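Following: one structure in structure tokens, then a few remarks.
The values are calculated or read from the model by the stated rules, or taken from the named source; none is laboratory data. Everything numeric in this text was worked out from a predicted model, so none of it was measured. Note that we place each Cβ from the backbone using ideal geometry, even for glycine, and neighbour counts take in every protein chain shown. These accessible areas exclude ligands, DNA and RNA; they are computed on the full protein's heavy atoms, side chains included. Shrake-Rupley method; radii C 1.70, N 1.55, O 1.52, S 1.80 Å.
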Amino acid sequence: LKVCWARARLLSCERAYVGAASEPALGMVLGRRAMAAAASAEAATVAASSVAPSLEEGAPRPAAEPSQPAARRKEKRGCFQQFKRCLSRIASIVKVPECIWDAFVERRCGRFPLDAPRLVDFVVGVQSKGAQEDGTASSPSASPLEVRRIPLEELPPKAPGTVRFVVVSDTHERHREVVVPPGDVLLHCGDILMSSSLTWQGRGLRVLADFNDWLSTVPCRERVVVGGNHDWALEQLPIAQQKQMLSAATLLHDECVSLPMSGVKVYGNAHSTGHSHNRAWQTNEAKVSSCCADAEVVVTHHSTWSLQEAVLAQAKPLLWASGHAHEAHGAVRRGSTLFVNAAISNAKYNPVQAPFVVDIRPSFPAEAVACRS
């Protein structure tokens with residue numbers, strides 16, 4: 001760790017001491033480097049003059065070697081990356097105290113601005129199997145996607161016979177900064193915690209307990225949650241304890257549930273990809289069971305191509321809710337499926353991005369589900 005840090009400091013400070021003649025040892029080092037640079041420049045000039053005729057004749061130009069500043073910057077980046085990896089390994093063994101991590105989260109994640117209006121991203125129209133019922137097109141694949149960012153107070157009422165979904169993700173311990181609009185089903189797509197792999201398990205459980213209390217207060221009758229790669233403290237628990245910890249919602253991982261009040265079949269999967277030390281539920285390949293068949297709503301932490309390929313081969317969902325990529329917040333329609341990235345945190349981990357509101361018309365209304373059961 002000390003070697004990595006010393007090399008990075010030396011490379012970053014080298015230019016600042018170029019004119020420091022009072023340092024004999026450094027002067028000799030820089031003098032030798034200057035002589036070597038001059039020799040290499042002279043050799044490059046001779047080589048260029050020797051190949052000039054061949055260049056005029058149309059011969060391929062030899063590949064230029066990277067300049068010394070570029071190579072130095074690359075080496076410095078590599079040193080800092082190695083230093084960061086060493087620091088992460090040490091922190092994963094020697095856990096950061098809770099008070100220090102609380103202060104870090106407070107500084108890193110920020111708060112929602114008090115003077116900013118509360119907005120929601122409302123997807124116009126009703127998503128259904130037959131057609132998008134906004135009067136503009138006859139099929140979901142042919143209809144244009146319209147998303148309106150409106151104040152929370154101006155959210156229109158849902159149409160009769162539809163189910164209103166409120167989608168959030170990546171709250172990163174700032175769930176109490178989120179104002180959830182009224183709806184039928186809340187979907188939380190993971191990353192409840194900021195980073196639980198670097199601190200004590202007890203701190204993660206404390207935040208999860210507060211998150212569960214918050215879930216019980218949101219104005220939605222049913223709630224579905226999947227884990228995220230930051231939720232290491234949740235992944236470490238047995239499955240039964242995971243569900244007990246988040247008892248105010250239905251926790252899914254490669255599982256399906258038919259919501260009793262809404263009559264919607266929801267499939268959830270916590271798989272994601274990434275390169276950070278937060279690697280909860282990150283595996284080489286996504287595990288997708290056959291229970292996702294005929295699911296009308298899919299909730300995943302990350303909508304990777306492997307997940308899409310595995311799920312869409314068995315189901316044609318109306319809505320696919322996800323997060324993970326903070327900068328990809330938005331909605332897009334692919335075929336008959338509406339893909340929504342509802343990350344609340346932006347790229348700087350500030351909880352300022354709007355939740356999504358989507359209305360769908362399920363194939364089996366709640367009354368039909370009650371009759372069949």
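Charge tally around Tyr349: other residues with Cβ under 13 Å, Lys/Arg +1 each, Asp/Glu -1 each, net -1.
Within 10 Å, count the other beta carbons around each residue, average over each peptide in 224-230, 123-129, and list them highest first. Mind dumping the intermediate values first?
Details: 224-230: 28.3, 123-129: 20.1.
Highest mean packing first, the order is 224-230, 123-129.
When the surface is traced with a 1.4 Å probe over the full set of protein chains, Arg73 keeps roughly 120 Å² accessible. Sequence-ordered 3J(HN,Hα) estimates for the stretch 289-304 from the Karplus curve with 6.51, -1.76 and 1.60 and θ = phi - 60° stand at 8, 6, 5, 6, 4, 6, 5, 8, 9, 10, 10, 9, 6, 9, 8, 5 Hz, glycine and proline given as x. Each principal axis of the Cα atoms in the stretch 228-373 has its own extent, and those three values, largest first, are 48, 35, 30 angstrom.
Surface listing: His326, His253 arranged by accessible area from highest to lowest gives His253, His326, probe 1.4 Å. Quick check: the distance between the Cα centres of the stretch 308-356 and the stretch 240-256, to the nearest angstrom? Centre-to-centre distance over Cα atoms comes out at 21 Å. Using the average count of surrounding beta-carbon atoms within 10 Å as a protection proxy, the listed peptides 262-270, 276-284 rank, highest first, as 262-270, 276-284. Each residue of the stretch 173-184 is assigned a 3J(HN,Hα), and the resulting list reads 6, 10, 5, 6, 8, 8, 9, 8, x, x, x, 8 Hz, derived from the Karplus form 6.51 cos²θ - 1.76 cosθ + 1.60 (θ = phi - 60°), x at Gly and Pro. Sequence neighbours fewer than 8 away in the same chain don't count; with that in mind, list the lysines whose C-alpha is under 20 Å from Lys316. The qualifying lysines are Lys129, Lys265, Lys287. Less than 5 angstrom separates the built amide H of Trp320 from those of Val298, Leu338, Phe339, Val340, all sequence-distant by 5 or more or on a different chain.
Residues whose amide H falls under 5 Å from that of Ala343, counting only those 5 or more places apart or on a different chain, are Gly330, with hydrogens built in the peptide plane.
In the distance distribution for the stretch 185-272, Cα-Cα pairs more than 18 Å apart total 39 percent.
Here the 3J(HN,Hα) profile of the stretch 333-350, calculated from phi with Karplus coefficients 6.51, -1.76 and 1.60 at θ = phi - 60°, is 9, 10, x, 9, 10, 8, 9, 10, 9, 10, 4, 6, 7, 8, 5, 9, 6, 9 Hz, Gly and Pro shown as x. The calculated FRET efficiency for Gln201 paired with Leu114, based on their beta-carbon distance and R0 = 35 Å, is about 0.55. Descending by average beta-carbon neighbour count within 10 Å, the peptides 159-170, 231-242 line up as 159-170, 231-242, the highest first.
Quick one: which residues, 5+ away or cross-chain, put their amide H under 5 Å from the amide H of Asn269? H built at 1.01 Å from N. For Asn269, whose amide H was placed from the backbone, the distant partners under 5 Å are Asp254, Val299, Thr300, His301.
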